[in-house]
1. Being in contact with a helix residue (DSSP H, G or I) (Cβ under 6 Å, 6 or more places away or on another chain), surrounded by fewer than 20 Cβ atoms within 10 Å (Cβ to Cβ) and assigned to a helix (DSSP H, G or I) is the requirement here; does residue 26 meet it?
2. Collect the residues in the range 152-198 that are farther than 30 Å from residue 85 by Cα and not in a helix (DSSP H, G or I), keeping them in residue-number order.
3. Does the range 199-221 hold any residues that are over 26 Å from residue 85 (Cβ atoms) and in contact with a Gly (Cβ under 7 Å, 6 or more places away or on another chain), and which are they?
4. Output yes when any residue across the range 172-189 is more than 26 Å from residue 53 (Cα to Cα) and either in contact with a His (Cβ under 7 Å, 6 or more places away or on another chain) or modelled with pLDDT under 80 (or both), and no when none is.
5. Which of the residues that make up the range 49-65 are buried (at least 22 other Cβ atoms within 10 Å of the Cβ) and among the aliphatic types (A, V, I, L, M)?
6. Take the range 146-183 and flag every residue that is among the small types (Gly, Ala, Ser) and in contact with a Phe, Trp or Tyr (Cβ under 8 Å, 6 or more places away or on another chain).
7. Criterion first (modelled with pLDDT of 85 or more and either on the phi > 0 side of the Ramachandran plot or assigned to a loop (DSSP other than H, G, I, E, B) (or both)) does residue 99 satisfy it?
8. Looking only at the range 18-33, which residues are closer than 15 Å to residue 179 by Cα and not aliphatic (A, V, I, L, M)?
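The values are calculated or read from the model by the stated rules, or taken from the named source; none is laboratory data. Computed from a predicted model, the values in this text were never measured in an experiment. Quick reminder, even Gly has a Cβ in these numbers, built from the backbone with ideal geometry, and neighbours come from all protein chains shown.
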Amino acid sequence: MLELNLIVAVLAGLVSFLSPCVIPIVPGFLSYLSGASLNDTGLSSRKKIFLNSVFFVLGFSIVFAVLGLLLNTLLSSVAYSATVWLSRIGGLIVILFGLFLMGLIRIKFLEQEHKISVKRKFHSRYVTSFVFGAAFAAGWSPCVGAVLGAILALAASNPGQSFSLLVAYSIGLGLPFLLVGAFASQASNWINKHAKYFKVINKIFGALLVVIGILVFTQLLAAVLPVDLITLPVKGM
């Protein structure tokens, strides 16, 4: 079950990056943080953008990792009967967020823009990028909120996996940022060319979340997986 959940968490990070209200602004945003131009293909400019993307990713990754540790610490000691209800509640939340991503229901607070803005620029651009990354994790946009909320609900229903799930989410979200940082000008052209597909990706992932949510709610997630994914061989047996 852990392997499937981690795959879902990585995909969730990727879908968060590909959401229509995030990906179009990424190249320009990274360029703004680094103080370099997207049109400048020189090595120095590309290096600045990439290094600032690294610190931006570190900012939100650390926040998500700490959040995972807190969830693990707070929920890992609850009684079995409580974990059953956590699974049911978490499953329902995952289903609701999945339906929202598919456009089948509306959730008002997710349709509004909620974010923490960073108005101050620090002396070091790397520090500024790190702080912006942390603020990106602490706030949320209408698109990212549903996906991140589903992963948090999944983490709450599986307290022992909270840290792993949020680290996996950070990997799925962070790697595309690093790729864009490394190939900023090319990425900008690719994004403009394929923008029409991003909403479709969100709907497909929303359907996947609905299925996962139903399995979590009914506690059948482990039952649908191959035996070798949920059991470890014991030597000598």
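1. Considered against the rule, which asks whether it is in contact with a helix residue (DSSP H, G or I) (Cβ under 6 Å, 6 or more places away or on another chain), surrounded by fewer than 20 Cβ atoms within 10 Å (Cβ to Cβ) and assigned to a helix (DSSP H, G or I), residue 26 comes out as no.
2. 183
3. 203
4. Within the range 172-189 (the criterion being more than 26 Å from residue 53 (Cα to Cα) and either in contact with a His (Cβ under 7 Å, 6 or more places away or on another chain) or modelled with pLDDT under 80 (or both)), the answer is no, since none of the residues qualifies.
5. Once the filter is applied, which keeps residues that are buried (at least 22 other Cβ atoms within 10 Å of the Cβ) and among the aliphatic types (A, V, I, L, M), the range 49-65 yields 49, 57.
6. The answer is 146, 149, 150, 153, 170, 172, 174, 181, 182.
7. no
8. Those that are closer than 15 Å to residue 179 by Cα and not aliphatic (A, V, I, L, M): 24, 27, 28, 29, 31.
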